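See structure below.
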Amino acid sequence: MRALTTQARTELALNLRNGEQLLVAIAIPVLLLVFFSSVEVLPVPEGVNDAVDFLTPGILALAVMSSAMVSLGISTGFERQYGVLKRLGTTPLGRSRWVAAKIAMVLALLVIQGSVIVVVAAFLGWNPDPRAALAVVAVVLGALAFGGVGLVLAGTLRGTVNLAVTNGLYLLLLLAGGMVIPLEKLPGPMSTIGELLPSGALSAVLQTILREGAPSAGSAWVVLLVWAVAAPLAATRLFRWEP
Amino acid sequence: MVRYGEVRAVDGVSFRAERGAVTALLGPNGAGKTTTVETLEGYRRPTAGSVRVLGLDPVRDHAAVVERIGVMLQEGGVYPGIRPEEMLRLFASYYDDPADPDLLLERVGLTDRRRSVWRRLSGGEQQRLSLALALIGRPDVVFLDEPTSGIDPAGRQIVREVIRELRDDGVGVLLTTHDLDEAERLADHVVIIDHGRVLADGTPAELMASGQADQIRFGAPPGVAVASLSSRLGAPVVEGPPGEYVVAAEATPVTVAALTAWLAEHDLPLADLRAGRHSLEDVFLRLTAEADARRRDDTTQDLRPGRTRRSRRA
């Protein structure tokens, strides 16, 4: 138990010490939320009076993506490249405790991000439909999906290539995933693709849960569930431990 | 034997390393040292043959083995943004009865660097941290892959002292090196490998005493009249590289006196004189040269028409 808690605490400390990771995990989501809530340049879906009501669920989905895919994926990629994972292989830590520590680290990041975003959104006049328990389920499924994607890249690409690809994917999933730009405002085929992306599915699900009057998201739950199972499974198959 | 696809990285490497002794795997780059050590650590599964560490199978009994071994990889193995103190405490949490991180930092001379981030440490400091990490679990056996490469002389001294202390505490130490001097100074037992095969195996003294018949080697200006010297000494004298001579005779006081007298008569300076024992370097160079020659012969024979063989080196 001591090994697990020390491992999780150390990994979290290393992540929070890293300026770029903090930028992606906290600064960018908060900046997007504040900017687009105050300056109404983005389109919002029909029936939304206040931009913040549409933006907050999407920004929460973005936070999940930044912790579970970007922070986890980039740090794990470099740990693989620097031989840390290889070295851990000859300690008694073991893979299951390593995975548990990574999950704990991502959950801790999510709690920090979620609190900051909810507080900022409340200041901006956000008035959620509080079905928090269901939102937690959606966030966990999203974390599994994005974490799996992040680890597939981290476990197969070199550290710097992984860094570039993960950041590129982050931008792509952000723009095409209904997080700040509503899916229905994207051109036809792009909006269909967006619905099949993990980012599109998670933001659609969070919209339904947290915004009154949002369209119901039955198919989005299915898409999210498929990603949450398939991506971690792919990671366990494809992940290479050695540099 | 360990194969990587078509390549036999290690083939028929067989040796024992004892507790309370330092065993050095000595060989040039690409000889198969790291492959051998990583097989012992459980990273590679041998294609054929068997490996036991503390009587256990490093792959099958992995969980039991890792409790009792300490590993220093050739490079890396540490979180780039971590501090030495933090890393040692992290690793200490993996073991039931770890060593004291502060004492270990002191032992490897990193106490005043304990709060510096790993990527800002010098190469030698990084090596010493890796060594400390190998020792944090109070191991019975340690595997050190090139423990002194890229390290400054003071750091090298520290690493060697720690290795000697480990041996005195009864720990089995297996290290790899391509530094002959290091093997000669540090090892109780040297295994010379090249191209994945063991060329020789023994204590440094045994290896240096073995091999060629008695000889006297000396340095003098190039082009000395070897025929004349040879008839005076009653033994063949040959000039190897210009200015380096070998007399095929036992180094008795009489022979050595005759040699120096002859040089004095011809007014020749004596640059250096060695008798009897070879240095480990002599042994190593001779063995690897012989192995190379044998391999060349094999390849020539295999190039007969109708038979082709591709040979690749790891």
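Here, each number is a calculation from the coordinates, and none is a lab measurement. Bear in mind the structure is a predicted one, so any value in this text is a computation, not a measurement. Cβ coordinates were reconstructed from backbone atoms using ideal geometry, including for glycine residues, and neighbour counts include every protein chain displayed.
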*Neighbouring partner chain Cβ atoms per residue of B:66-75, average, 10 Å criterion*: 3
_the range B:102-177 and the range B:219-248: distance between their alpha carbon centers, rounded to Å_ = 47
*Among B:R295, B:R19, B:R114, which one shows the biggest mean-square fluctuation in a GNM of chain B, springs joining Cα atoms closer than 10 Å?*
B:R295
*For the range B:139-262, report the convex hull volume of the alpha-carbon atoms normalised per residue, in Å³, without decimals.*
174
*Is any residue of the range B:245-277 close enough, with backbone N under 14 Å, to a label point placed 7 angstrom from the Cα of B:S230 along the Cα-Cβ axis, and if so, which?*
B:245-249
*Reference-scaled alpha-carbon Rg (2.2 N^0.38 Å with N residues) for the protein assembly as shown*: 1.34
*Tally Lys/Arg at +1 and Asp/Glu at -1 over every other residue whose Cβ is under 15 Å from the Cβ of B:E161; what's the total?*
+1
*Between A:V137 and B:E106, what is the label-to-label distance in nm when each label sits 7 Å out along the Cα-to-Cβ direction?*
5.7
*Check each of the GluC sites (Glu not before Pro) in the range A:18-117 and keep only those in coil by DSSP with at most 13 other C-beta atoms within 10 angstrom; list them in order.*
A:E40, A:E46
*If chain B were replaced by its equivalent ellipsoid, with semi-axes equal to the square roots of 5 times the Cα gyration tensor eigenvalues, what would those be, largest first, whole Å?*
44, 27, 17
*Show that you can apply the helix-only estimate: for the protein assembly as shown, add -39,500 (n - 2.57) for every DSSP H stretch of four or more residues, divide by all residues, and state [θ] at 222 nm to the nearest 500.*
-16500 deg cm²/dmol
*asked:* Averaged across B:82-92, how many Cβ atoms of other chains sit within 10 Å of each residue's Cβ atom?
replied: 3
*From the backbone phi of the range A:55-66, what are the Karplus-calculated ³J(HN,Hα) couplings (6.51 cos²θ - 1.76 cosθ + 1.60, θ = phi - 60°) in whole Hz, Gly and Pro given as x?*
6, 4, x, x, 5, 5, 5, 4, 4, 4, 5, 5
_Ranking request for peptides B:145-155, B:244-254: highest mean number of other beta-carbon atoms within 10 Å first, then the rest in descending order._
B:145-155, B:244-254
_Principal axis box of chain A, alpha-carbon based, largest edge first, Å_ = 58, 36, 30
*Rank by packing, highest mean first: peptides A:7-14, A:32-39, B:170-177, with packing defined as the count of other Cβ atoms within 10 Å averaged across residues.*
B:170-177, A:7-14, A:32-39
*Per residue and in cubic angstrom, what volume does the convex hull of the Cα atoms of the range B:17-170 have?*
118
*If you average the sequence gap of Cα pairs under 8 Å that are 6 or more apart and divide by the length of chain B, what percent do you get for the contact order?*
21
*Those lysines that a straight Cα-Cα span of less than 22 Å connects to B:K33, excepting residues fewer than 8 apart in one chain*: A:K86
